[in-house]
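Enquirer: Here it is, the structure in full.
Values quoted throughout were computed directly from the atomic coordinates according to the rules given, and no laboratory measurement underlies them. Computed from a prediction, not measured in an experiment: that's the story for all the values here. With ideal geometry, Cβ positions are generated from the backbone for all residues, glycine too; neighbour counts draw on all protein chains shown.
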Amino acid sequence: MQSALDPAGEEASQVATLFWVMTIGGLVIWALVVLLSLYASRWKREPISEQAAARLIPWAGGVLPVTVLTALLAYALWLMPSLRPFADPDRAGLRVEVVGSQFWWHVAYRRPDGTSVISANEIRLPVGERVEFSLTSADMIHSFWIPALGGKMDLIPGRTNRLSLLATKAGTYRGQCAEFCGISHAHMAFPAIAMEPADFEAWLAARSRPSEGLGANQAGRGLFERERCGSCHRVDGTQAQSTAGPDLSHVGSRLTIGAGLLENDVEALERFIVHPASLKHGSRMPAYTHLSADELARIAAWLKGLQ
Amino acid sequence: MSEVASQERDRKAEEEQLRAVWENPSGWRYWTSVNNYQIGLWYGATAFAFMLFAGLLALLVRAQLAVPENDLISADLYNQAYTLHGTVMMFLFAVPIFEAVAIFLLPPMLGAREMPFPRLGAFGFWSFLIGGVFVCGSIFFGAAPSTGWFMYPPLATSEQAGIGADIWLLGLSFIEVASLAAAVELIVGIMKCRAPGMRVNLMPLFAWYLLIVAGMIVFAFPPLIAGDLLFEMQRMFDWPFFDAARGGDPLLWQHLFWIFGHPEVYIIFLPAIALLAMIVPTFAGRPIVGYSWIVLAAVGTGFLSFGLWVHHMFATGLPQISLAFFSAASEAVAIPTAVQIFVFIATMLAGRVIFSTPMLFAMGGIAIFVMGGLTGVMVALAPFDWQAHDTYFIVAHLHYVLIGGMLFPVFAGLYYYYPLIDGKHMSDRVGRFAFWMMFTGFNITFFPMHLAGLRGMPRRVYTYPADIGWDWLNLVSTMGAVVLGIGMFAVVVDVTLHRRNKPRGEQNPWNAGTLEWISEPEENWGVRSIPRIESRYPLWDQKDLARAVRAGEWYLPDASEGRRETLVTSVLDAEPEQVLRVGGTAYVTIVSAALLGTVFVALTFKWWIVSGLAGVAFVAAVLWWLWTGTGEIPEQEEKHIGHGISLPLYASGVKSAGWWAMFITMTGDGTAFASLVFGYFFFWTIHSDFTGGLAGPGAFWPLAALGLFAAGWATTVGARELNRRGAVFAARALLVAGALLSAAGCGAALTGPWASGMDPTAHVYPAIVWILVIWAAVHGAVGIIMQVYCLARSLAGRLTPRHDMDLHNVALYWHFMLVTALVTFGVVGLFPEAL
């Protein structure tokens, strides 16, 4: 699920092939060098002439590596432009903006018609369509990486980097921050879900409207408002509109909470709300230890209902 | 008969005198020794101790990662442990161990009595010890750096980085100064202190490699020092060099860090190859095959290593065309590396190999290193690196390179050269046991990491989830680390419990051909007399050489004036030029190092007054050191060194060792300055208006400063010329005028940005202008101290028209100062006007 050797994307599969070619070639070269050294170390052996030994140096140390490396370099450089073909910025197509923060991901899907869907800590993309990511950071340097789909790209404050990925196989893959970004760097992950294009369109359409779960569990919603969760979080269709923390509009339908930290269920939501920093160091969300078990259960139930 | 007996007596007396001159002080004063054997041993033992400490940190890291979701140690301690592990291994072990080995081995290997600047070597050692203990000790207070050994901003410039970041920046800057000092000493030693006749093409390969590496240090460390300066200015005073919100850019640090960081890898690796280049011919029983090939390959590696740094930045979003260029350059470095490996294989093929313990470590190292080199070829390709970058694949790769290419050769060197320390061998049985434990333990630890990385495990994570295919790989790695640790421990036991009762072995137990095997562990003088060298392997080719050297039949067999002396020879042909008197036992080295250490430690805690006072005391100590220990006027002009040769005891200008030291130091200094100028233009390239709409320093004050500094330069050069012609009073007057003009220059330099109200915390443009101007002004101030120093020397009769080395060196400093002023004021004053 997080393996570059089990590719489900165009770039990942090309690079996996490159890897196997180089690994097999590398092992052959390594074995030859080691065997030659072992032979050279034998006492029971006639020394070869100095001229013959001297000839070995430019051939084995010069000509051979030049040949192999030139071929390898040509292969890799030929691959490069085709792996990440960046579209004309004006071209119509789905663009996903990702903003990294300690230790979560803000995600915005920008559709060609100008509408947007805001989400967090989960990436969804259609199979067979090239998706362009635009990446930046709100604080530290992070790196966006879904090994099964392709290589990584850094999120750097003050800069916007682009990455283009093409998923070839539907499934759920794990992505993770690859640049050390602070104390909970290890807990800055996300699920990436490649869906059939029709499913993806349906999913995106559903996400562009407020969740139908808003009306259920009204007590939980009241507590959410009373505790001013909206001063950091956004829930589409409510007063809560801040994007200082992760968007929660359809949080109930996400696979994980805490950016890949816990499987998403009511119990996990309760645990996270009570004391976020004990599960995830450096989390800026305050603890809600003053809430009663009943109150917690209500908030969690309401959030889980935001499908 | 009686004539022979009296000759014998003379020899004995001569030897007694020489021994007395080179003797170490006793009791606690032993620690004031500056002799290369003592400094080399202390340096090496300290670096080794730091390596063991960093190794324990690695075991802590492995213990935490043994099982998923482990809570053995906290995330914070984990981050401190891995940051310190990398930092200590790189800065406190890998580079210093070679400076140690070089200081220990080079004098006898080159046929010299001593390094040219023994006190500088001692100063470097004490700085290293103080800085290293400070950096390592921080973890016991939970204050160690915790943002990775590469210290990327904005994380490392943020509040979250805590005092650990300052400890890293200041502690290591201090150690980098020590490394530069050692590099200066090594370059001058190798270029100017070789035995007569040891032309460059007869130099032992170890000396060649160390010359290349020391040269690389001079160009690679200064960019990091410049980066540290910018970094610390941001941390202490909020100058926004790396803050994107105020025009800065975090990528500037990555460029500066890796312009240092990549050559650093080869600075570590080449000296290890140098050890193999000494060991392999000995055990193959023949001279190296392809001497010119290996020297050319080493030089080529050195050059190429400066053109590869961007391969550490393939995922930062740089244009694909530059990725392609740096991919190609990174592949290219594999070629000289392959040449070096095949030189060893060719030498073995052309000889008959005795497979001793040092050879075991050497061959094991090569097997591991070649694997690391091949994965290096893989990650050099940008598309593969996009996957592998910042994963455990890289962790595996870099450990294969560094442990195979550096640690194993160091252990080979330890087993090979140990007899030079006390005349005894280390245990062969323990050595073989240690080798096999280390070799298998290493591979069990690091091989699975390739797979863990490709399965998506990023570096620097303190824990990982259970169900994503990393568990067993990590468990295996941790078990391997324990085996590797046992192997290392066996070597430690072998070194520390070294059999004292064992009899002294032969002088040249491996029957090696190079000159260092002449040196006797019981003596401090390097070589009893300095021979004329006619071969790359003098002990094999020059019959009777060892006996004649030890019998004192060669050059400079005595120390009749009771001074420590060595020969200075010409750079290319090693023709004798001068008898150099080197510094002896001194406290001033320890005092200076302690004071400079205080400056840096106090800065860390923002104790400004302590730091300022220590700074003043440090300058005073260095001036005292120079005044009493350098540029001394000898009691006679020339000295007989035997065989009818008489050499001067004093030299100034290009012929003196001090002039070369100044030249090399200022080359490094100029590189740091160039890095700051690079920063200025870097900001210009990334912004459409890099001034941020803010006022610049104008053209008037910068040009005034330039004019005044140019006058300061002209008066200094004029003073040197007048003094040489005997116009001592005119020279003194010019020095006074020069100091005044330069002081005015410093004032004008600072007035420019001051008068325009440039606020360095507002935006990166004023900040970079201020830093350039301050750099020039501080160098101007140092120039003034030098001018006044020469004036005082002249007045005290320590600088005369004939003995004018100080003025030559100061004029050389001012040449560099003139370039600094031209560039600084041209850039800050005229460049914005030209836009």
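Enquirer: Take the eigenvalues of the Cα gyration tensor for segment B:202-295, scale each by 5, and report the square roots as semi-axes in whole Å, largest first.
Expert: 42, 10, 9
Enquirer: Net charge near B:A182: determine it from the other residues with C-beta under 15 Å of the C-beta of B:A182, scoring Lys and Arg +1 and Asp and Glu -1.
Expert: Residues near B:A182 contribute -4 overall.
Enquirer: For segment B:598-663 and segment B:684-730, compute the distance between their C-alpha centroids and round to whole Å.
Expert: Between the Cα centres of segment B:598-663 and segment B:684-730 lies a distance of 26 Å.
Enquirer: Please give the peptides B:481-487, B:628-634, B:458-464 ranked by average Cβ packing (other Cβ atoms within 10 Å per residue), highest first, as a rough proxy for protection.
Expert: B:458-464, B:481-487, B:628-634
Enquirer: Beyond 24 Å, how much of the Cα-Cα pair distribution for segment B:59-177 remains, as a whole percent?
Expert: So the pairs more than 24 Å apart make up 39 percent of the total in segment B:59-177.
Enquirer: Under the rule of at least 5 residues apart or a separate chain, name every residue whose amide H is placed under 5 Å from the amide H of B:K639.
Expert: B:L647, B:L649
Enquirer: Charges only on Cβ, +1 for Lys and Arg, -1 for Asp and Glu: so what's the dipole of chain A about the Cα centre, in debye to the nearest 20?
Expert: Its charge dipole is roughly 600 debye.
Enquirer: On to the next question. What percentages, rounded to whole numbers, describe P(r) for chain B computed over all alpha carbon pairs with 20 Å bin width beginning at zero?
Expert: With 20 Å bins starting at 0, P(r) equals 15, 47, 33, 6, 0.
Enquirer: Please list, ordered by chain and number, the residues whose modelled amide H lies under 5 Å from the amide H of A:G9; skip anything fewer than 5 residues away on the same chain.
Expert: Under 5 Å from the amide H of A:G9 lie the amide H atoms of A:T168, each far enough along the sequence or on another chain.
Enquirer: Another question about this same structure. For chain A, max minus min Cα coordinate along each principal axis, in Å, sorted largest first?
Expert: Projected onto its principal axes, the Cα set of chain A covers 91, 45, 34 Å.
Enquirer: Return a single number: how many Lys pairs in the protein assembly as shown, at a sequence separation of 8 or more or on separate chains, have alpha-carbon atoms below 21 angstrom apart.
Expert: Close lysine pairs found across the protein assembly as shown: 7.
Enquirer: Under a Cβ-Cβ cut-off of 14 Å, what is the net charge of the residues other than B:V377 that fall near it, where Lys and Arg count +1 and Asp and Glu count -1?
Expert: My count for the surroundings of B:V377 gives -2.
Enquirer: Given H placed 1.01 Å from N in the peptide plane, which residues other than close sequence neighbours of B:T569 have an amide H under 5 Å from its amide H?
Expert: B:C193, B:R194, B:E577
Enquirer: Provide the descending list of Cα extents for the protein assembly as shown along its principal axes, expressed in whole angstroms.
Expert: Ordered largest first, the protein assembly as shown gives principal extents of 118, 79, 53 Å.
Enquirer: Which residue, B:N443, B:G692, B:F104, has the largest displacement toward the positive end of the dipole of the protein assembly as shown when charges sit on each Cβ (Lys, Arg +1; Asp, Glu -1)?
Expert: Checked the options; the winner is B:F104.
Enquirer: Right, something else. Please report, in debye to the nearest 20, how large the charge dipole of the protein assembly as shown is about its Cα centre when each Lys and Arg carries +1 at its beta carbon and each Asp and Glu carries -1 there.
Expert: The calculated dipole for the protein assembly as shown is roughly 1360 debye.
Enquirer: Order these peptides, B:436-442, B:31-37, by their mean beta-carbon neighbour count within 10 angstrom, highest first.
Expert: B:31-37, B:436-442
Enquirer: Using helices alone, what [θ] at 222 nm do you get for chain B, with -39,500 (n - 2.57) per DSSP H run of 4 or more residues, divided over all residues and rounded to the nearest 500?
Expert: Result for chain B: -22500 deg cm²/dmol, rounded to the nearest 500.
Enquirer: Can you give the helix-only mean residue ellipticity at 222 nm for chain A, where every DSSP H stretch with n ≥ 4 adds -39500 (n - 2.57) and the sum goes over all residues, rounded to the nearest 500 deg cm²/dmol?
Expert: Calculated mean residue ellipticity at 222 nm is -11000 deg cm²/dmol.
Enquirer: Over the Cα atoms of segment B:570-653, compute the convex hull volume and normalise it per residue, giving Å³.
Expert: Residue-normalised Cα hull volume stands at 134 Å³.
Enquirer: Still on this model: Averaged across the residues of A:4-10, what count of C-beta atoms belonging to other chains lies within 10 Å of each residue's C-beta?
Expert: For this peptide, the per-residue mean of nearby foreign Cβ atoms is 3.
Enquirer: In debye to the nearest 20, how big a dipole does chain B give about its Cα centre with +1 on each Lys and Arg Cβ and -1 on each Asp and Glu Cβ?
Expert: Here the size comes out at about 1180 debye.
Enquirer: To continue, here is another question. Order by neighbour count: A:K280, A:K44, B:K655, fewest other Cβ atoms within 10 Å first, most last.
Expert: Fewest to most other Cβ atoms nearby, the residues stand as A:K44, B:K655, A:K280.
Enquirer: Per-residue mean of other chain beta-carbon atoms within 10 angstrom of the beta-carbon, peptide A:132-141?
Expert: Taking the mean over all residues of the peptide, I get 3.
Enquirer: Compare the peptides B:524-534, B:54-64 by average per-residue count of other Cβ atoms within 10 angstrom and give them in order, highest first.
Expert: B:524-534, B:54-64
Enquirer: In peptide A:186-193, what is the residue-averaged number of other protein chain Cβ atoms found within 10 Å of each Cβ?
Expert: Mean partner shielding for this stretch: 3.
Enquirer: Here's another thing I want to ask about it. From the backbone phi of segment B:401-411, what are the Karplus-calculated ³J(HN,Hα) couplings (6.51 cos²θ - 1.76 cosθ + 1.60, θ = phi - 60°) in whole Hz, Gly and Pro given as x?
Expert: Result, rounded to whole Hz: 5, 7, 6, x, x, 10, 5, 4, x, 5, 5.
Enquirer: Two decimals, Cα atoms only, Kirkwood Rh: what is Rg/Rh over segment B:649-735?
Expert: That ratio equals 1.16.
Enquirer: Once each part is reduced to its C-alpha centroid, what is the distance from segment B:73-106 to segment B:765-832 in angstrom?
Expert: Computed from Cα coordinates, the inter-centre distance equals 35 Å.
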